[in-house]
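A.B. asks: Below you'll find the structure I mean.
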Amino acid sequence: MAKQFQTLFLILSISYLFSPELTAATAALPAGASKKAVSFIQASCKTTEYPAVCFHSLSAYANAIQTSPKRLAETALAVTLSRAQNLKLFLSRLTRFKGLKKRKVEAIHDCVEEINDTIDRLTKSVQEMKLCGSAKNQEQFSFHMSNAQTWTSAALTDETTCSDGFSGSVMDGRIKNSVRARIVHVGQETSNALSLINAYSKTY
């Protein structure tokens, strides 16, 4: 039992050190990034609900994004999907520890299901965004854009549901804080991605 919790503590500690919040906050701009591209990302991120998170996540891709609203939205969505996949992996590892109480394991399993839905919906949104890029007219663009907006919004709802499962007394201590921090971060990324998708939708 003691060994199980020592291992669990180690995973939580290491994952905290490499958490999205810390790595994003300390991320350096890519070599040769143009001031114009960086300024574009910064200005675009100011329109989102979490501008600091947005800029820290996307500035590393300045060379690829340049000043394209399309590439900015697509990159934000791809980064969000990656965050959600990492969160699922983190939660899955937690469920392997037999020392956790049944109610805690059930809460984690419920959250994994919600994050699975998040990943599925974000993946569909990525696909719709690609179809937006190949749209031949306004009608096609609007159709696929509407789908992308709907899937991304639904993903945000899943994350909120998952977070709510850790807001009560079922979970406590380091596990609760570590899990909720990651869920909140993915929710912020998703919210930002939706804002940037909405901004791109007005450019056609």
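Taken together, the values in this text are just the output of simple stated rules run on the coordinates, not laboratory data. The structure displayed is predicted, hence computed values, not measured ones.
A.B. asks: Would you kindly derive the ³J(HN,Hα) couplings of the range 178-189 from the backbone phi angles with the Karplus curve 6.51 cos²θ - 1.76 cosθ + 1.60 (θ = phi - 60°), listing them in order in whole Hz, with x for Gly and Pro?
C.D. replies: 5, 5, 4, 4, 6, 5, 4, 5, 5, x, 5, 4
A.B. asks: Shifting gears a bit: ³J(HN,Hα) across the range 36-43 via Karplus (A = 6.51, B = -1.76, C = 1.60, θ = phi - 60°), whole Hz, x for Gly/Pro?
C.D. replies: Karplus-based 3J(HN,Hα) across the range 36-43 equals 5, 5, 5, 5, 4, 5, 5, 5 Hz.
A.B. asks: Each residue of the range 120-135 in order: what ³J(HN,Hα) in whole Hz does its phi give by Karplus 6.51 cos²θ - 1.76 cosθ + 1.60, θ = phi - 60°, with x for Gly and Pro?
C.D. replies: Rounded to whole hertz, the list is 4, 6, 5, 4, 5, 5, 4, 5, 5, 5, 5, 5, 4, x, 9, 4.
A.B. asks: Rounded to a whole number, what is D in µm²/s for the range 67-204 from Stokes-Einstein with the Kirkwood radius over alpha-carbon pairs (10 °C, 1.306 mPa s)? Please report the intermediate quantities before stating the final value.
C.D. replies: Working: Rh = 15.6 Å.
So the translational diffusion coefficient is about 102 µm²/s.
A.B. asks: Taking Cα centroids, how far is the range 79-146 from the range 188-203 in Å?
C.D. replies: Cα centroid to Cα centroid, the span is 16 Å.
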